[in-house]
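Undergrad: Questions regarding the structure given below will be posed in turn.
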Amino acid sequence: MNAAVTAPTNVALDVHAVREDFPILKREVYGKLLVYLDSAASAQKPRQVIDAESAVYEEEYANVHRGVHHLSQVATDRFEATRTRIQSFLNAPSADNIIFVRGGTEGVNLVAQSWGRAALNAGDEILISTLEHHANIVPWHLLAAEKGLVVKGIPIDDDGQIDMEAFRNLLTDRTKLVAITQMSNALGIITPIEEITRLAHGAGARIMLDGCQAVSHSAVDVQALDCDFYVFSGHKIYGPTGIGALYGKSELLADMPPWQGGGEMIARVSLEGSTFKKPPHRFEAGTPAIAQTIALKAALDYVTDLGLDRIAEHEAMLLNYATERLSALPGITIYGTNPAKASILSFTMADVHPHDIGTIVDREGVAVRVGHHCAQPIMQRYDIAATVRASFALYNTLEEVDALVASLEKVRELFA
Ligand code: PMP
């Protein structure tokens, strides 16, 4: 260990108490206690979420919105309570602004296929950035091919931050949508969404924010942000898979056509035609992820009770410590060095292939992600094939950072 680097001691979040909430953190991998540094891909679940989901099946499971019977009404109330919880979590004006989706990917596709298909015309431009996850790139490519739209990429600086001058130059009266991530999943960079939103609106464009990564690290206020759309996935904020949310401004949702047809989203159906419910139900065809949705509320309650500020402070401490320790290792290059970042450390190690690093550290019980992280434009920007990504969550410890460093030292010995 580098003697100059000392671990901070006055940690506000009681991480050891928090860890007791996550049963999986007690398991071993190859005989070593699991060190889970892949929460940016999907976060582990606290007992509160696991219990909430199994309680649905044990005590109050039925299909929602359809039954007059007691259980269906109980399930519907609990299901809709999550919508209200997401409303308060994002500070949306009404629960009707919240559409349940499978996750961030489905949220972006909904905006593209419903709003985009109706509102955009040939020649209109969509601005995305080099930092986007494929989930916020490919849906726009699909729509562009169908409608003759132009998708343009905002470049990033060497330090991983969005090049704001380039953004200003790309923003014209042809720009109809700016679709941007609030936090890069590959680099951890936090983008200046307030300024980007202000500039986008100034140019007459709509803005959609991808909050999949950011939402578990900082409080979000969609009204203060004034964004038109906001998406996030439940599984990255300690909730179940299969459920996420799309926030949309009321005036936009009101005019958006359905994007999937089926049960639940209709007002009336005859063999000749159908009419549709108001938002949000217009966009929710079919039986939803009932238990997962109900349990998402437990996840939002969990992070709110712990305090997003304290979580962010804890993760910043881990990130700073990890950055210092990794920087002291020979051959390490860190990508995304702009100070506006959270919780993610993306790096390469001299000539060692990231997949070899991932495999070797896994044998030490350390779970990191290697590859392009569904963000190939970033890899192209830095002319690399892949990085190793360690991502930190509220349950990670300084000792786990030490375990990562020790496992990387093993890699170095093997490849020396
Ligand atoms: N955007 C970002 C920034 C992400 O990190 C992810 C997930 N890695 C997504 C979108 C897609 O989320 P999901 O796979 O949960 O739909």
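Undergrad: Given 242, 234, which one is at pLDDT 95 or above, more than 28 Å from residue 319 (Cβ to Cβ) and within 14 Å of the ligand (Cβ to nearest atom)?
TA: Among 242, 234, only 242 is at pLDDT 95 or above, more than 28 Å from residue 319 (Cβ to Cβ) and within 14 Å of the ligand (Cβ to nearest atom).
Undergrad: Could you go through the stretch 94-113 and let me know if any residue there is surrounded by fewer than 17 Cβ atoms within 10 Å (Cβ to Cβ), outside the structural domain of residue 22 (by TED's automatic domain parsing) and modelled with pLDDT of 95 or more.
TA: So far as the stretch 94-113 goes, yes, one or more of its residues are surrounded by fewer than 17 Cβ atoms within 10 Å (Cβ to Cβ), outside the structural domain of residue 22 (by TED's automatic domain parsing) and modelled with pLDDT of 95 or more.
Undergrad: Does at least one position in the stretch 282-302 carry a residue that is modelled with pLDDT under 95 and in contact with a helix residue (DSSP H, G or I) (Cβ under 9 Å, 6 or more places away or on another chain)? Spell out how you get there, then give the answer.
TA: As a first pass, look at the stretch 282-302 and keep what is modelled with pLDDT under 95: none.
No, because not a single residue in the stretch 282-302 is modelled with pLDDT under 95 and in contact with a helix residue (DSSP H, G or I) (Cβ under 9 Å, 6 or more places away or on another chain).
Undergrad: In the stretch 159-177, how many residues are in contact (Cβ under 8 Å) with a residue 40 or more places away in the chain and either touching a helix residue (DSSP H, G or I) at 6+ places or on another chain (Cβ under 9 Å) or not assigned by TED's automatic domain parsing to the domain that holds residue 126 (or both)?
TA: 6
Undergrad: Continuing with this model, one more query. Quick check on the stretch 238-253: of everything there that is in contact (Cβ under 8 Å) with a residue 24 or more places away in the chain and out of contact with any strand residue (DSSP E or B) (no Cβ under 9 Å at 6 or more places or on another chain), which residue is farthest from residue 44 (Cα to Cα)?
TA: 250
Undergrad: Any residue that is within 11 Å of the ligand (Cβ to nearest atom), in contact with an Asp or Glu (Cβ under 8 Å, 6 or more places away or on another chain) and not acidic (Asp, Glu) - is there at least one of those in the stretch 212-231?
TA: Checked the stretch 212-231: at least one residue is within 11 Å of the ligand (Cβ to nearest atom), in contact with an Asp or Glu (Cβ under 8 Å, 6 or more places away or on another chain) and not acidic (Asp, Glu).
Undergrad: For the stretch 193-227, what are the residues that are crowded, with 24+ Cβ neighbours inside 10 Å and of a type in the set (Asp, Glu)?
TA: Residue satisfying the conditions is 210 alone.
Undergrad: On the basis of being over 15 Å from residue 378 (Cα atoms), in the same structural domain as residue 246 (by TED's automatic domain parsing), in contact (Cβ under 8 Å) with a residue 60 or more places away in the chain and among the small types (Gly, Ala, Ser), does residue 116 make the cut?
TA: yes
Undergrad: Considering only the stretch 96-135, state which residues are within 10 Å of the ligand (Cβ to nearest atom) and more than 20 Å from residue 258 (Cα to Cα).
TA: Initially, the stretch 96-135 is screened for residues within 10 Å of the ligand (Cβ to nearest atom), giving 101-109, 131-135.
131, 132, 133, 134, 135, listed by residue number.
Undergrad: Same structure again: Give me the residue from the stretch 183-211 that is more than 11 Å from the ligand (Cβ to nearest atom) and of a type in the set (Gly, Ala, Ser) and, out of that set, farthest from residue 94 (Cα to Cα).
TA: Top of the filtered list is 203.
Undergrad: Kindly list the number of the only condition in (1) in a loop (DSSP other than H, G, I, E, B); (2) within 14 Å of the ligand (Cβ to nearest atom); (3) touching a helix residue (DSSP H, G or I) at 6+ places or on another chain (Cβ under 7 Å) that fails for residue 180.
TA: Every listed condition holds for residue 180 apart from (1).
Undergrad: For the structure I just gave you, tell me whether residue 76 is in contact with a helix residue (DSSP H, G or I) (Cβ under 6 Å, 6 or more places away or on another chain), away from the ligand (no atom under 16 Å from the Cβ) and more than 18 Å from residue 377 (Cα to Cα).
TA: Answer is no for this residue.
Undergrad: Within the stretch 72-91, identify whether any single residue is surrounded by fewer than 19 Cβ atoms within 10 Å (Cβ to Cβ), part of a loop (DSSP other than H, G, I, E, B) and not basic (Lys, Arg), and answer yes or no. Talk me through it step by step, then tell me what you get.
TA: So the first thing to find is which residues in the stretch 72-91 are surrounded by fewer than 19 Cβ atoms within 10 Å (Cβ to Cβ), and the list is 72-74, 76-77, 80-81, 84, 88, 91.
Within this subset, residues satisfying the condition of being part of a loop (DSSP other than H, G, I, E, B) are 91.
Subset that is not basic (Lys, Arg): 91.
Scanning the stretch 72-91, I find at least one residue that is surrounded by fewer than 19 Cβ atoms within 10 Å (Cβ to Cβ), part of a loop (DSSP other than H, G, I, E, B) and not basic (Lys, Arg), so the answer is yes.
Undergrad: Only residues that are aliphatic (A, V, I, L, M), assigned to a loop (DSSP other than H, G, I, E, B) and under 19 Å from the mean Cα position of the chain (by Cα): list them for the stretch 369-389, please. Full working, then the answer.
TA: Filtering the stretch 369-389 down to residues aliphatic (A, V, I, L, M) leaves 370, 375, 378-379, 384-386, 388.
Going one step further and asking which of them are assigned to a loop (DSSP other than H, G, I, E, B), we end up with 375, 384-386.
375, the sole residue that qualifies.
The values are calculated or read from the model by the stated rules, or taken from the named source; none is laboratory data. This is a predicted model, so every value here is computed, not measured. Note: ideal-geometry Cβ built from the backbone for every residue, glycine included; neighbour counts use all protein chains shown.
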